[in-house]
Amino acid sequence: MKLIKSTAILFLVTLLLVSCKEKTAETISEATKETSLSKPKKEIAAANLQTASFTIKGMTCAIGCAKTIEEELNGLDGVKTATVDFEKELATVAFDKTVLDSEKITKVVEATADGKSYKVSNMKF
């Protein structure tokens with residue numbers, strides 16, 4: 001009886017490990033496709049380039065929060081570069097002022113995740 005239980009448990013564990021590896025490979029290949037299909041950024045005229053720095057409250061980690069917000073900002077049309085420093089709770093965004101403004105940037109940051117976690121303050125140009 002113990003032999004049958006042990007064999008069954010070993011079979012289930014092996015099945016779980018194999019299925020997890022397949023999902024991971026699928027996820028990686030999907031991420032690679034998404035990255036390769038991303039559209040190139042448009043050049044921003046020097047006269048239209050503006051930089052804003054602001055504080056983001058509510059971040060709890062560098063990888064989950066700060067990185068997610070940074071990716072959201074970098075994905076916006078009109079953003080040249082965006083960086084988020086988790087430790088300083090500071091974001092800096094270089095953007096085209098004819099396409100974006102402080103309200104749109106604030107809305108994107110505050111809508112990230114559940115829409116209640118992050119608050120933008122002290123916007124400086």
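The values are calculated or read from the model by the stated rules, or taken from the named source; none is laboratory data. Computed from a predicted model, the values in this text were never measured in an experiment. As a convention, Cβ positions derive from the backbone with ideal geometry for all residues, glycine included, and neighbour counts pool all protein chains shown. Surface accessibility is based on the protein's heavy atoms, side chains included, excluding ligands, DNA and RNA. Shrake-Rupley method; radii C 1.70, N 1.55, O 1.52, S 1.80 Å.
Remarks
- Within the stretch 82-125, the set of residues being more than 21 Å from C61 (Cα to Cα), assigned to a strand (DSSP E or B) and open to solvent by 60 Å² or more (accessible area, probe 1.4 Å) comprises just one member, K124.
- Filter result for A47 (part of a helix (DSSP H, G or I) and modelled with pLDDT under 95): yes
- Candidates T51, T106, T81, T98 - the one that is out of contact with any strand residue (DSSP E or B) (no Cβ under 6 Å at 6 or more places or on another chain) and among the hydroxyl-bearing types (S, T, Y): T98
- Residue within the stretch 33-43 that is touching a strand residue (DSSP E or B) at 6+ places or on another chain (Cβ under 8 Å) and at pLDDT 90 or above present: no
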